[in-house]
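See structure below.
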Amino acid sequence: MNGEIETQINLKPSEMLLHLGPQHPLQPGPFLLDLVLEGETVKDATLEMGFIHKGIEKILENRTYLQCIPITDRMCYLASISNNEVFCSGVESLMGIEPTERAKYIRTIMLELTRIQSHLLGIGEYATDIGFLSMFLWMIREREPIISLLEMVTGARLNHSFVRFGGVAYDLPAGFKEKTLRTLNEIRKKVEKHDEIMSRDSVYLKRTKGVGVLSRKAAMELGVAGPAMRGSGVDYDIRKVDPYLLYPDLDFKVITAPNGDVFDRVKVRLSEILESIYIIEQCIDMIPGGPFKQGYNPYLIKPKPGEVYSRVEDPRGEMGMYIVSDGTFKPYRVKVRGPAFATMQALPPLLKGAYMADNAAIASSMDSCTSEVDR
Amino acid sequence: MSGIIDSFIPVAIFLVFGFVMPVATMIIVKQISPRSQAGRKLSTYESGSVPFGDARIMFNVQYYLFAIVFVIFDVEVMFLYPWVTVYLGVDKFFTTMSVIEVVLFVLVLFVGYLYALKKGALQWVK
Amino acid sequence: MDYIQLAFDLLGNPWIRGVVGLIVVGVIFFSAIVMVWLERKFLGDIQTRPGPNRVGGRFGLLQLVADAIKLFTKEDIVPENADKPVHAGGPIVALTSAFLMAVAVPYGVVSFEGSEYLLAVTTMDISALYVEAVAAVSIIALFMAGWGSNNKYSLLGAFRNIARMLGYEVPLGLAVLSVAVMAQSLDFVQIVSRQEQLAWFIFMQPLGFIVFGVALLADLGRIPFDQIEAEEELIAGVFTEYSSMRWGFAFFAEYLHAIVGACLVVILFLGGWSGLPFLGTLFIPPVLWFVGKVFVVIMVMIWIRGALPRVRIDQVTDLGWKVLFPYSLINLVWAAAVAMVVS
Amino acid sequence: MGEVEGAGSETAKVRPIQKIIDAHVTFTTTSAIHDFLKKTPLQDLINWGRKNSLWFLTQPMGCCGIEMICTGAPHYDTDRFGIIPRCSPRQADVMIISGYITKKYMPALKLLWDQMPEPKWVICMGDCSISGGPFWESYSTIINTEKYFPVDIYIPGCPPRPEQLIQGFVELQKKITAKQDRTQKGDT
């Protein structure tokens, strides 16, 4: 299974090769991390992915455009609306249509809700990896109301398949606005409280400050994406760089932190949750009336021949899709540029020289989705 | 003398019981639990991977330095145990002298500690 | 009444006392079960979830019984590359060391027809030293488990365990020593009666209490010091390769150690079975005072587990050697000074 | 293990995947005590203990893995039933196949299953593990799980809701009580 790596290395008598994975409680999703350890120090790290490679890009070529949407969901199940959005906006620009005004609002709100729940789970996973089980469970508890909100609109807890070409699948249900505002208020209070715990607890600070430092330069060279990159002080957010939907008109700031250590990466995520809540609160008052999708048959979509690269800001960073159409009912080629893949490749250099005990903290502070890496 | 032996007889009984009870339980468990032979049931677990090499390696020498430093300090602390029970004994002169002696002893211990600290013997990884 | 008198006379014989004292094993096993159940319920409360509530009534009282039956009838696996006697010996030694700790702990006094009888399996004049020595045996048990399994996670856990325990054994010893300085004795009974005369030692040497508490938590390997069983790093630490009742023994030994550790805190610093200062025993029997205090200490342990993340292993050894050790020396000097003044 | 060389060797030969998959599981409980126990009411007591302490192996594999995590957490809390996650297969009773089994992951999964002690159960969670789900035609996934694992419970859904997973556990408990699970029927 892992023969190639092992035959290449020569171990000293005091070193050992430790496999972390594929079944390891490090992260949601299997991957293999080979560590060469001397004592407790990691001398070398090798990453092997592909344990849940499903061939999504190939499957997309054999589906009609509408049938593609549920498959894009399952690329990263924590950010399925982002994945829908990046695919649909690409196809929309191939077709030369625009989503309706109401759909834009709904999509933006859904995207931000997705970001909140993904970050909550990411922080929770990370908390359990440093042994903070209570924080993990609190985060999951905070996540459940968001999931119910998403479920209220889309009908599913995880894989929503909600975005359509030129609109969304369903309209917002009655009472959505009140429920959202109430939920978000509660979540803001709780997240602020957790933020306080995470910035004042001395044991936690000792565990995270100055650990796994990813410098600004290294982050840019490795192409690390999303909060992991902004945690290193790089001010890069697709919502500002290449705005889509309503983002040009919205008031929000890109969260960055200067140090690039584990603490900062998590801090960025916590602050982004608060920022997302602020964005939703801006949008939700101004949702206009009108249709929620363009009126044409979604089963007969046939974009003009051409190619397009569309991108959105996933909870994990820049999510891009390169879609080639040959004028038939099915895409000719879909190439996915996922953020988690780039984030994962920063892991081996970061782990080199770290403690075995920090390895879990560093790996899960990157919050990369194995499923999306493998596709 | 017999008082000391008397107080350790229950300890001996507990010691025997502590060895017999788990062993007996394990024999019963072996009998009543199911057994199966799957292909690689007895292979070493390593997160689903096939382990590379043996686990029993020559471990980092730093651990042994810790152990040596520990032995030194623990033995020195051991010398203090008899002292605590007797130092307030006979008269004022005895008490004063014994306290001075122990303060000197602890000082020497502390100098040794500082030396070990300076040399980095108490550093986890140099 | 004569029969009771006869019973007390018979218990004067150390052999009979030892055999009857095996009840203590049953009692601490039962308290370990209660502690695991309490931990699951109380941690559930901290983590805003109900905890066991289906098995055995709405409080899940029989949950641990079900777990025990399950473990008892589970297949027992010894890996083929394991060092079999050492692998088998690990949990047994851990369990035995817990029993040997429990044998020397006095659990209170009973008054009967004007005379007081000590509730202890055995009394010795060096019981504090003895308990500490026997507790240190569990280091060997965990190392046997880690080395014998021939598993890399276990080995890392075993070495972590050694490094951690070594760092905390010295401060722990010095903290016990400071108590002994004040009590002028290494006998638990003397220590308790001295606290009845003076005050609880937590008030006489708060620094010593903190040092002892932290060192004890580290010795017991409870969060924030559970590096040997760090799930996300080392799967199940030294016990990764253990299944069935073997694992059950190891698991129970941990909780038995925690309970005896709580007893030690109560005896050394919280006045043992004596009542509250100034208020006295308030007509509650001393044994209940003892049990109540142990309960409080255990609840604090569980609370700490729910509230803190895990400390990294190098920080653990640093804390032991660079913070607790100097403080415990200072505390020893302080205790000796106070003891001289008081006498 | 014969083909993987021991310590000190530079090379570790790896079993061909197909061979690992085909490794046959034989159930050899021939002990008379065990057969006797099965006829007595004691077996009911044992079954009661087993069904109330189903520890599952932490092994998130896909979308269902996230729902599995959520099921263990406050809102749903499997600890109510005495069901808790364990990271080591040696202490686990139930393996939840929570997602697509790829050809690359299959040997590891099989090894983990082998390393779990008897009695053990498999729960297939989600369409992917039952029939391939949305990825039934993919070149890299295995779609006939029942060929490799003695599955006791199938939970359909993509992904199934946490309530469904809990229901799956409840069904497994019923099966164990009724002595209808695979290990007790003996047709592994």
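The values are calculated or read from the model by the stated rules, or taken from the named source; none is laboratory data. No experiment lies behind these values; they were computed from the predicted model shown. A quick note on method: Cβ atoms are made from the backbone with ideal geometry, for glycine too, and the neighbour counts reach across all protein chains shown.
Annotations for the structure displayed:
- Exclusive hit being β-branched (Val, Ile, Thr) and in contact with a strand residue (DSSP E or B) (Cβ under 8 Å, 6 or more places away or on another chain), set A:343, A:370: A:343
- Residues located in the stretch C:295-332, provided they are touching a Phe, Trp or Tyr at 6+ places or on another chain (Cβ under 9 Å), of a type in the set (Val, Ile, Thr) and in a helix (DSSP H, G or I): C:302, C:313, C:316, C:317
- Enumeration of residues in the stretch D:70-85 that are outside any loop (DSSP other than H, G, I, E, B) and at pLDDT 85 or above: D:70, D:71, D:78, D:79, D:80, D:81, D:85
- Within the stretch D:68-88, restricting attention to residues that are in contact (Cβ under 8 Å) with a residue 40 or more places away in the chain and more than 7 Å from every other protein chain (Cβ to nearest Cβ), the residue that is farthest from residue A:24 (Cα to Cα) is D:76.
- Tally of residues being over 13 Å from the mean Cα position of the chain (by Cα) and either in a loop (DSSP other than H, G, I, E, B) or closer than 22 Å to residue D:157 by Cβ (or both) across the stretch D:102-120: 4
- On the stretch given as the stretch C:1-41, residues that are of a type in the set (S, T, N, Q) and outside any helix (DSSP H, G or I) total 1.
- Of the criteria (1) more than 10 Å from every other protein chain (Cβ to nearest Cβ); (2) more than 25 Å from residue C:160 (Cα to Cα); (3) aliphatic (A, V, I, L, M); (4) surrounded by 20 or more Cβ atoms within 10 Å (Cβ to Cβ), which one residue C:258 fails: (2)
- Test for residue A:210: is it within 14 Å of another protein chain (Cβ to nearest Cβ), surrounded by fewer than 22 Cβ atoms within 10 Å (Cβ to Cβ) and closer than 21 Å to residue A:108 by Cβ: no
- Among the residues of the stretch B:52-78, the one identified as more than 7 Å from every other protein chain (Cβ to nearest Cβ), over 16 Å from residue C:162 (Cα atoms) and in contact with a helix residue (DSSP H, G or I) (Cβ under 7 Å, 6 or more places away or on another chain) is B:76.
- The conditions of being surrounded by fewer than 24 Cβ atoms within 10 Å (Cβ to Cβ), at pLDDT below 85 and among the basic types (Lys, Arg) are met by residue A:302.
- Of all residues in the stretch B:1-26, those satisfying the criterion of being over 20 Å from residue C:89 (Cβ atoms), surrounded by fewer than 12 Cβ atoms within 10 Å (Cβ to Cβ) and among the hydrophobic types (A, V, I, L, M, F, W, C) are B:1, B:4, B:5.
- Selection of the stretch D:64-96 for residues being surrounded by fewer than 24 Cβ atoms within 10 Å (Cβ to Cβ), under 16 Å from residue B:47 (Cα atoms) and among the basic types (Lys, Arg) yields only D:86.
- Of the candidates B:2, B:7, the single residue that is modelled with pLDDT under 75 and more than 14 Å from chain A (Cβ to nearest Cβ) is B:2.
- Only one of the numbered conditions (1) modelled with pLDDT under 90; (2) over 15 Å from residue A:106 (Cβ atoms) is violated by residue A:167, and that is (2).
- Selection from the stretch C:230-289 of residues that are among the polar types (S, T, N, Q), on the phi < 0 side of the Ramachandran plot and more than 22 Å from the chain's Cα centre (by Cα): C:240, C:243, C:281
- When residues in the stretch A:41-64 are screened for being more than 23 Å from the chain's Cα centre (by Cα) and in a helix (DSSP H, G or I), 1 of them pass.
- Residues that are of a type outside the set (A, V, I, L, M), within 22 Å of residue C:165 (Cβ to Cβ) and either surrounded by fewer than 20 Cβ atoms within 10 Å (Cβ to Cβ) or facing chain B (nearest Cβ under 8 Å) (or both) within the stretch C:98-129 comprise just one, C:99.
- Every residue from the stretch C:148-182 that is surrounded by 24 or more Cβ atoms within 10 Å (Cβ to Cβ), at the interface with another protein chain (Cβ under 10 Å from one of its Cβ atoms) and polar (S, T, N, Q): C:149, C:151, C:154, C:178
- Of D:147, D:120, all but one fail to be on the phi < 0 side of the Ramachandran plot, buried (at least 22 other Cβ atoms within 10 Å of the Cβ) and of a type in the set (D, E, K, R); the exception is D:120.
- All positions within the stretch B:78-97 that are touching a residue at least 12 places away in the same chain (Cβ under 8 Å), assigned to a helix (DSSP H, G or I) and buried (at least 17 other Cβ atoms within 10 Å of the Cβ): B:80, B:83
- The one condition in (1) within 14 Å of chain D (Cβ to nearest Cβ); (2) assigned to a helix (DSSP H, G or I); (3) out of contact with any Phe, Trp or Tyr (no Cβ under 7 Å at 6 or more places or on another chain) that residue C:213 fails to fulfil: (1)
- Leading residue by the ranking (nearest to residue C:77 (Cα to Cα)) among those in the stretch D:60-98 that are more than 13 Å from the chain's Cα centre (by Cα) and among the acidic types (Asp, Glu): D:79
- Hey, residue C:44 crowded, with 18+ Cβ neighbours inside 10 Å, outside any loop (DSSP other than H, G, I, E, B), among the small types (Gly, Ala, Ser) and within 12 Å of chain D (Cβ to nearest Cβ) or not: yes
- Lone qualifier among D:166, D:153, D:96, D:123 - being at pLDDT 85 or above, within 24 Å of residue D:51 (Cα to Cα) and in a helix (DSSP H, G or I): D:166
- When each of B:59, B:52, B:14 is tested for being within 23 Å of the chain's Cα centre (by Cα) and part of a loop (DSSP other than H, G, I, E, B), the lone residue that passes is B:59.
- Among the residues of the stretch C:133-147, just one is surrounded by 24 or more Cβ atoms within 10 Å (Cβ to Cβ) and within 13 Å of the chain's Cα centre (by Cα), namely C:138.
- Cβ-Cβ distances below 7 Å connect the following pairs, each with a first residue in the stretch A:73-87 that is farther than 17 Å from residue A:147 by Cβ, a second residue that is in a helix (DSSP H, G or I) and among the basic types (Lys, Arg), and a separation of six or more residues or different chains: A:85/A:107.
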